[in-house]
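Peer 1: Got a structure for you, questions after.
The values are calculated or read from the model by the stated rules, or taken from the named source; none is laboratory data. None of these values were measured; they are calculated from a predicted model. Here the Cβ positions follow ideal geometry from the backbone for every residue, glycine too, while neighbour counts run over all protein chains shown.
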Amino acid sequence: MGALLAKLKMTSRPKLRILCFGDSLTAGYSAWGAIHHPYNEMLEHMVSMAYPDLKVVTAEDGLSGATVKSAFQTRMNAQFAPPKKRKDDEEGDGKPYDWAIVLGGTNDIGMGFPPEEIFESLKEVWEVPLSHKCKVLALTVPEAGITSPKARQRIDAQRNTLNDLIKGYKREGFHVYDLHATVPYYAMSESDRKKYWDDHLHFTPDGYDMIGNKVGIALVSLLAKEKVNSPQRPQKRRRLFKGDDKKFEEEVGDPSALNQGYVVVRRVDLD
């Protein structure tokens with residue numbers, strides 16, 4: 001019986017559904033594709049620890065080599081397609097996710113697309129979850145290790161422009177986490193870079209866990225702010241039964257007068 005009650009309690013927990021969407025950095029690409037260790041696993045762990053009463057469910061949709069301008073829009077539309085009944089829509093509310101965490105732009109910059117065009121495509125991608133009342137946490141594009149000083153200067157300038165556009169975007173339900181600032185390449189010590197970076201673009205499993213940890217903490221902070229700012233439900237008025245509004249003789253008059261008001265009887269007086 002106890003096991004059944006515990007199972008019922010687990011299944012009755014409110015669910016938090018999170019989509020982690022992007023390219024190879026979302027897929028957890030490492031060791032030239034021999035390993036895939038997506039950050040959503042650590043993210044789910046972090047949020048679950050912070051909110052044990054929530055059933056946290058994450059989905060990873062990362063496609064190696066994908067660009068925002070060509071592949072993101074179709075895939076995001078598919079994630080929010082309105083079939084009659086989704087397998088992951090246990091609540092039956094037609095809302096597959098509560099949050100969409102989106103990371104993209106690395107491949108677009110590498111292919112030479114202008115940052116302004118990448119940003120416009122990102123806005124169209126973000127609009128899909130936002131239009132389905134799903135909040136968006138956009139991640140800025142992380143650094144890359146470029147050996148050529150001239151190429152590094154050009155790539156860094158394009159990435160900085162794109163990240164500034166992402167950080168400056170304002171929309172209800174839209175939030176930004178600056179992954180570029182918290183997961184550097186050049187500012188890391190040589191030992192940390194060896195531990196967390198697999199190559200000049202991708203991370204090791206430890207690196208993806210670090211991303212999941214940092215993004216998870218950011219999401220937990222946003223959830224906490226939501227809870228604080230959410231309007232409190234008004235207390236239900238106590239139901240009145242016949243005679244509930246009746247005033248007794250003892251409830252009127254001057255309570256300081258012995259022949260009026262309440263009479264207090266102490267237990268010691270009864271012993």
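Peer 1: Within 30 Å of Met49 (Cα to Cα), surrounded by 20 or more Cβ atoms within 10 Å (Cβ to Cβ), in contact with a Gly (Cβ under 9 Å, 6 or more places away or on another chain) and of a type in the set (Val, Ile, Thr): is that true of Val183 in this structure?
Peer 2: Yes; evaluated as a whole, the condition is true for this residue.
Peer 1: Say we look at the range 124-176 and pick out the residues that are surrounded by fewer than 21 Cβ atoms within 10 Å (Cβ to Cβ) and of a type in the set (Asp, Glu); which of these is nearest to Trp197 (Cα to Cα)?
Peer 2: Residue satisfying both the conditions and the ranking: Asp156.
Peer 1: Looking at Glu124, Glu117, which is the one that is under 12 Å from Lys69 (Cα atoms), under 21 Å from the mean Cα position of the chain (by Cα) and modelled with pLDDT of 95 or more?
Peer 2: One residue alone meets the criteria, Glu124.
Peer 1: Let me ask you something else. Determine if the range 142-164 includes at least one residue that is modelled with pLDDT of 95 or more and closer than 23 Å to Leu223 by Cα.
Peer 2: Checked the range 142-164: no residue is modelled with pLDDT of 95 or more and closer than 23 Å to Leu223 by Cα.
Peer 1: Which of the residues that make up the range 57-70 are out of contact with any Pro (no Cβ under 7 Å at 6 or more places or on another chain) and farther than 17 Å from Gly112 by Cβ? Quick ask: steps written out before the conclusion?
Peer 2: Here is the first cut: in the range 57-70, the residues out of contact with any Pro (no Cβ under 7 Å at 6 or more places or on another chain) are 57-59, 61, 63-70.
Selection gives Val57, Thr58, Ala59, Asp61, Leu63, Ser64.
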